[in-house]
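S.K.: Following this message is one structure expressed as structure tokens.
The values are calculated or read from the model by the stated rules, or taken from the named source; none is laboratory data. The structure presented is a predicted model; accordingly, all values stated were derived computationally and were not measured. Cβ sites come from the backbone with ideal geometry, for glycine too, and all protein chains shown count toward neighbours.
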Amino acid sequence: MKVQFNNIVMSSMIFWFDNKLLNKGEAFTNHSSNFWPIDTRYFGYYTYGAPFKQMVIDESIGGASIISGVYINGSFTEVGQNYLSGINASQGQLYFSQPVAGAPSSISGNYAVKDFNVYLTSETEEDLLFETQFQLNPKVSQNPTGLASNAETYPVVYLKYQGGENEPLAFGGLDKTNIRIRAIALSDNVFKLDALTSIFRDTSKTLVPLLYENDMPFNVLGSCTGHCFNYLESTANKQADYDYLYIDNVSISKIDSRLTNSYNRLNPNLFTAFIDFELSQNRYPRL
């Protein structure tokens, strides 16, 4: 299946959301840690994980320690050296083609951890709030093990496509494409949740740059290829109208768990809000 407009919209939205939160909110903390062996392999690679998800890889974020390599027995190693095949910052994992003797004490690294992980999802709000077993993403190295790929940590934001429609705009096939996207935010305290919603409430009447396949910096392992990702550089040359989405409106709604019938199933340590984006672009969808 070829990439379509909706695919471009959602992948662009997650990069825009992440950059806006990290940049304006300074929503990250710099850390150092060892990397622990993980039982499951990833595409046959030996996997080693940090005790945190997700790491910052956007070099446009001032003050963030961007992971470009790790230390193996005190020697700095980049991807392609000493059997290091990839660094998946989203999962907080390293991939090696050969096992590393002496791990975890032999592997360490410096990186910035996001205050909010950001993912795309197709899950329902009910499943995310009531069925998913989250664990807190610590901000000090409390957990002497790496996190597995399927470990769900919070604070976290899930971006979900909510539908849309095309409205005829002009002769010749020009339509206004309306898109609705919901951000489901789960926080460990009210302060961070209110700061998050404040940042994105104020993005109404602004633009979201579209990122295409050739703008993506990652390989199949989720690792940066060569130069790490810089969001501001990647979007600086966007000039045409079709390179942007316009945010028509942003609405915020918070959930009071005391008022829900499923309170007994809702983690009492989760503070939740929905951020609903209404976006649009004038385009020729049938060309």
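S.K.: Give the number of residues within the stretch 78-104 that are within 30 Å of Tyr154 (Cα to Cα) and of a type in the set (S, T, N, Q).
M.R.: 5
S.K.: Still on this structure, I have one more. Search the stretch 148-163 for residues being buried (at least 16 other Cβ atoms within 10 Å of the Cβ) and part of a strand (DSSP E or B), and hand back the single one that is modelled with the lowest pLDDT.
M.R.: Per the criteria, the residue is Thr153.
S.K.: How many residues does the stretch 1-59 hold that are free of Cβ contacts under 8 Å to residues at least 24 places away in the same chain and in a loop (DSSP other than H, G, I, E, B)?
M.R.: The qualifying residues number 5.
S.K.: Against the condition in a loop (DSSP other than H, G, I, E, B) and modelled with pLDDT of 85 or more, how does Gln133 come out, does it pass? Give the derivation first.
M.R.: Values: in a loop (DSSP other than H, G, I, E, B): yes; modelled with pLDDT of 85 or more: no.
The answer is no for Gln133.
S.K.: Here are Phe28, Phe17: which of them is at pLDDT 95 or above, surrounded by 20 or more Cβ atoms within 10 Å (Cβ to Cβ), over 30 Å from Pro104 (Cβ atoms) and among the aromatic types (Phe, Trp, Tyr)? Give the derivation first.
M.R.: Details: Phe28 fails: over 30 Å from Pro104 (Cβ atoms).
Step by step, each of Phe28, Phe17 is checked, and only Phe17 is at pLDDT 95 or above, surrounded by 20 or more Cβ atoms within 10 Å (Cβ to Cβ), over 30 Å from Pro104 (Cβ atoms) and among the aromatic types (Phe, Trp, Tyr).
S.K.: Sticking with this one: For the stretch 64-90, what are the residues that are touching a residue at least 40 places away in the same chain (Cβ under 8 Å) and closer than 23 Å to Asp115 by Cα? Working first, answer last.
M.R.: Taking the stretch 64-90 as the starting set, the residues that turn out to be touching a residue at least 40 places away in the same chain (Cβ under 8 Å) are 64-69, 79, 85-90.
Result: Ala64, Ser65, Ile66, Ile67, Ser68, Gly69, Ile87, Asn88, Ala89, Ser90.
S.K.: Hey, could you check the stretch 171-189 for residues that are at pLDDT 95 or above and either among the polar types (S, T, N, Q) or not in a strand (DSSP E or B) (or both) and say which is surrounded by the fewest Cβ atoms within 10 Å (Cβ to Cβ)?
M.R.: This residue is Asn178.
S.K.: Look through Val9, Val3 and report the one residue that is surrounded by fewer than 18 Cβ atoms within 10 Å (Cβ to Cβ) and aliphatic (A, V, I, L, M). Steps first, please.
M.R.: Details: Val9 fails: surrounded by fewer than 18 Cβ atoms within 10 Å (Cβ to Cβ).
Of Val9, Val3, the one residue that is surrounded by fewer than 18 Cβ atoms within 10 Å (Cβ to Cβ) and aliphatic (A, V, I, L, M) is Val3.
S.K.: Here is a follow-up. Checking the structure you have, find out if any residue of the stretch 77-87 is closer than 18 Å to Val56 by Cβ and exposed (fewer than 15 other Cβ atoms within 10 Å of the Cβ). Can you show your working first?
M.R.: If we filter the stretch 77-87 for residues that are closer than 18 Å to Val56 by Cβ, which is where we start, we get 78-79, 86-87.
Add one more test, that the residue is exposed (fewer than 15 other Cβ atoms within 10 Å of the Cβ), and what stays is 78.
Checked the stretch 77-87: at least one residue is closer than 18 Å to Val56 by Cβ and exposed (fewer than 15 other Cβ atoms within 10 Å of the Cβ).
S.K.: Looking only at the stretch 60-72, decide whether some residue is modelled with pLDDT of 95 or more, more than 16 Å from Cys228 (Cα to Cα) and either within 19 Å of the chain's Cα centre (by Cα) or surrounded by fewer than 19 Cβ atoms within 10 Å (Cβ to Cβ) (or both).
M.R.: So far as the stretch 60-72 goes, yes, one or more of its residues are modelled with pLDDT of 95 or more, more than 16 Å from Cys228 (Cα to Cα) and either within 19 Å of the chain's Cα centre (by Cα) or surrounded by fewer than 19 Cβ atoms within 10 Å (Cβ to Cβ) (or both).
S.K.: Might you let me know whether the stretch 25-35 holds any residue that is under 30 Å from Thr206 (Cβ atoms) and out of contact with any strand residue (DSSP E or B) (no Cβ under 8 Å at 6 or more places or on another chain)? Break it down into steps so the answer makes sense when it comes.
M.R.: Taking the stretch 25-35 and keeping what is under 30 Å from Thr206 (Cβ atoms), we get 25-30.
Next cut, out of contact with any strand residue (DSSP E or B) (no Cβ under 8 Å at 6 or more places or on another chain) only: 25-26.
Checked against the condition, which is being under 30 Å from Thr206 (Cβ atoms) and out of contact with any strand residue (DSSP E or B) (no Cβ under 8 Å at 6 or more places or on another chain), the stretch 25-35 yields at least one hit.
S.K.: A further question on this structure: Just give me the residues in the stretch 36-47 being in contact with a Pro (Cβ under 6 Å, 6 or more places away or on another chain) and either at pLDDT 95 or above or of a type outside the set (Ser, Thr, Tyr) (or both), in sequence order. I'd like the intermediate steps shown before the answer.
M.R.: To start, the set of residues in the stretch 36-47 that are in contact with a Pro (Cβ under 6 Å, 6 or more places away or on another chain) comprises 36, 46.
Passing the criteria: only Trp36.
S.K.: Related question: If I ask for residues that are at pLDDT below 95, outside any helix (DSSP H, G or I), surrounded by 11 or more Cβ atoms within 10 Å (Cβ to Cβ) and among the charged types (D, E, K, R), which ones from the stretch 227-258 would you list?
M.R.: Lys238, Lys254, listed by residue number.
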